[in-house]
Amino acid sequence: MRSVFAILGFALILSLPGVLLAKPVREKAPEAAFRGNEDLLRWINGYRRKPEPQRVPDAVKAMSAYGLTKDADQSGIYIGFVAGVIGSNSASAEDLVSKMFPLPPEDQVVIIKGIAYSGLPGWRPLLRTFIERMPARKDLIEKFLYGDKPVLTALSIKDDATVIDLNWGYYFATGWEAPIRRIASALAYSLEKDKVDTLTIGAMAKWTLAQNASRDNDLLMMLKRISSDSDPSIKKPLAEVIDASETLELSKIRKDALASIDELKAKGSEKLRNYNWWGQAGQTVLALGCVAAGAMGQVQFGIPCVIGGAASTAALNYFKPTD
């Protein structure tokens, strides 16, 4: 259950009428590079069409300055993006990482995981190169090098919903099909009949794919290719994603999710009757979807969220199960 509540992967800010809770800026971000976290996310979204790896070190420093990488549970898109950039620039990876320093110890996780999740065959030697520059993170580095910390392709979306964020970030950096296939594999969970946390993850994968594909034709075409050879377990929900994206009937995704949630709620276990638990689950769903939308420049859904922040209590009502 803890993994579902850690889904605030894109680092959203709590936004309610009359209330503004912004992360404090710890150091001045490179003004010439990015004017704010919204500007940064906009650049990240366009990166796969116009790669600018030389700007990535400044982007990482801006992530740190705007407080976007402080909390590992809220920085999935940024870690995934850095991983994708490193993985798609093997010849210059060491130089790129070197230019990301200096970085506060609490933000160095984005570099460590960016390297480990990059998919480079030589990611371990690359990580060893920077051990001395990150002494405060030596334990984490050694867990990746010599322990059992898994790389991105070994992470289970079912066990950790923030993996959806990581894969979106990797896609934004590369435009590659592999991370989208990994997200699409979670569509099977949208058919879950017993476990609400699993259903929530499946619903979120489905919603983010549909929302983003409705505004990204390349992504839509990619999903169609994936559907031609996909596992039978995701055929139906993937077809629904494609149909919703093409017709812009995106509300159907939400209605289907609500119907599935209500069906589980009707089973009447103590856990499912607990309103507070349902409230957290609903907010969890909104948090990731809001940012996935935000990264693609989609802030017009009527969902009260702000790029770079967290789902508000009002946003909770969008996906909250009916009584």
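Mind checking which residues of the stretch 220-238 are under 23 Å from Ser156 (Cβ atoms) and within 21 Å of the chain's Cα centre (by Cα)? Write out each step before concluding.
As a first pass, look at the stretch 220-238 and keep what is under 23 Å from Ser156 (Cβ atoms): 222-223, 226-227, 229-238.
Across the stretch 220-238, the qualifying residues are Met222, Leu223, Ile226, Ile234, Pro237, Leu238.
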Is at least one residue of the stretch 107-114 without any contact (Cβ under 8 Å) to a residue 24 or more places away in the chain and of a type outside the set (D, E, K, R)?
-> no
Right, Ile111: closer than 17 Å to Ser75 by Cβ, touching a helix residue (DSSP H, G or I) at 6+ places or on another chain (Cβ under 7 Å) and part of a helix (DSSP H, G or I) or not?
-> yes
Out of all the residues in the stretch 175-189, is one or more assigned to a helix (DSSP H, G or I), outside the structural domain of Ser75 (by TED's automatic domain parsing) and at pLDDT below 90?
-> no
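Residue under question is Lys255, and the condition is that it be out of contact with any helix residue (DSSP H, G or I) (no Cβ under 9 Å at 6 or more places or on another chain) and either basic (Lys, Arg) or in the same structural domain as Pro51 (by TED's automatic domain parsing) (or both); does it hold? Give the steps one after another, and end with the answer.
Values: out of contact with any helix residue (DSSP H, G or I) (no Cβ under 9 Å at 6 or more places or on another chain): yes; either basic (Lys, Arg) or in the same structural domain as Pro51 (by TED's automatic domain parsing) (or both): yes.
Criteria met by Lys255.
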From (1) under 22 Å from Leu155 (Cα atoms); (2) in contact with a Ser or Thr (Cβ under 8 Å, 6 or more places away or on another chain); (3) not basic (Lys, Arg), pick out the condition that doesn't hold for Ala210.
-> (1)
Across the stretch 69-102, what is the number of residues that are buried (at least 24 other Cβ atoms within 10 Å of the Cβ) and touching a residue at least 60 places away in the same chain (Cβ under 8 Å)?
-> 12
Every residue from the stretch 140-169 that is in a loop (DSSP other than H, G, I, E, B) and either within 12 Å of the chain's Cα centre (by Cα) or within 24 Å of Lys195 (Cβ to Cβ) (or both) = Pro150, Leu155, Ser156, Ile157, Lys158, Asp159, Asp160, Ala161
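The values are calculated or read from the model by the stated rules, or taken from the named source; none is laboratory data. In this text the structure is predicted, and so the values were computed from the model without any measurement. Cβ atoms come from the backbone with ideal geometry, glycine included; neighbour counts cover every protein chain shown.
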